[in-house]
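The values are calculated or read from the model by the stated rules, or taken from the named source; none is laboratory data. These figures come from a predicted structure and were not determined experimentally. Quick reminder, even Gly has a Cβ in these numbers, built from the backbone with ideal geometry, and neighbours come from all protein chains shown.
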Amino acid sequence: MIGASTDTEFVHLAWRNNHDDLRGLRFPMLADTSKSLAEELGILSADDKTAYRVTYIVDPQGIIRWVSVNDMSVGRNVDEVLRVLDALQTDELCPCNWEKGQETIKL
């Protein structure tokens with residue numbers, strides 16, 4: 001897992017030190033201050049070149065399996081990211097609103 005934003009490493013450190021939800025993060029955060037990664041990914045807003053809030057789930061072979069893009073005014077839903085990750089790890093068909101421990105669809 002890697003976190004990235006267009007903020008500086010100093011802003012990342014301040015987040016980790018001052019935000020209860022981020023204090024115990026155990027993964028690196030990339031400071032994309034040049035916005036080059038965000039530009040390559042096509043996730044910069046057209047008007048002011050601000051990066052959208054995007055979450056990618058990439059499998060061990062490097063294939064993107066899920067993407068969620070949120071508008072600037074909408075925060076991520078961590079529970080939904082974890083739900084999708086759990087569903088992807090079943091290697092089976094999961095119905096709408098499936099949650100870990102529920103039955104999958106057998107074809």
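Using the structure shown, decide if VAL81 is among the β-branched types (Val, Ile, Thr), surrounded by 10 or more Cβ atoms within 10 Å (Cβ to Cβ) and touching a residue at least 24 places away in the same chain (Cβ under 8 Å).
Working: among the β-branched types (Val, Ile, Thr): yes; surrounded by 10 or more Cβ atoms within 10 Å (Cβ to Cβ): yes; touching a residue at least 24 places away in the same chain (Cβ under 8 Å): yes.
Yes: the conditions hold for VAL81.
Considering segment 84-107, and only residues there that are in contact (Cβ under 8 Å) with a residue 12 or more places away in the chain and part of a loop (DSSP other than H, G, I, E, B), the residue that is surrounded by the most Cβ atoms within 10 Å (Cβ to Cβ) turns out to be TRP98. Restricting segment 60-78 to residues that are farther than 22 Å from ALA31 by Cα and at pLDDT 95 or above, the residue that is farthest from the chain's Cα centre (by Cα) is GLN61.
Between ARG26, ARG16, the distinction of being more than 19 Å from VAL69 (Cα to Cα), assigned to a loop (DSSP other than H, G, I, E, B) and not acidic (Asp, Glu) belongs to ARG26 only.
I'd like the full set of residues that are farther than 24 Å from VAL81 by Cα and surrounded by fewer than 11 Cβ atoms within 10 Å (Cβ to Cβ), limited to segment 1-16. Hit for segment 1-16 is PHE10, nothing else.
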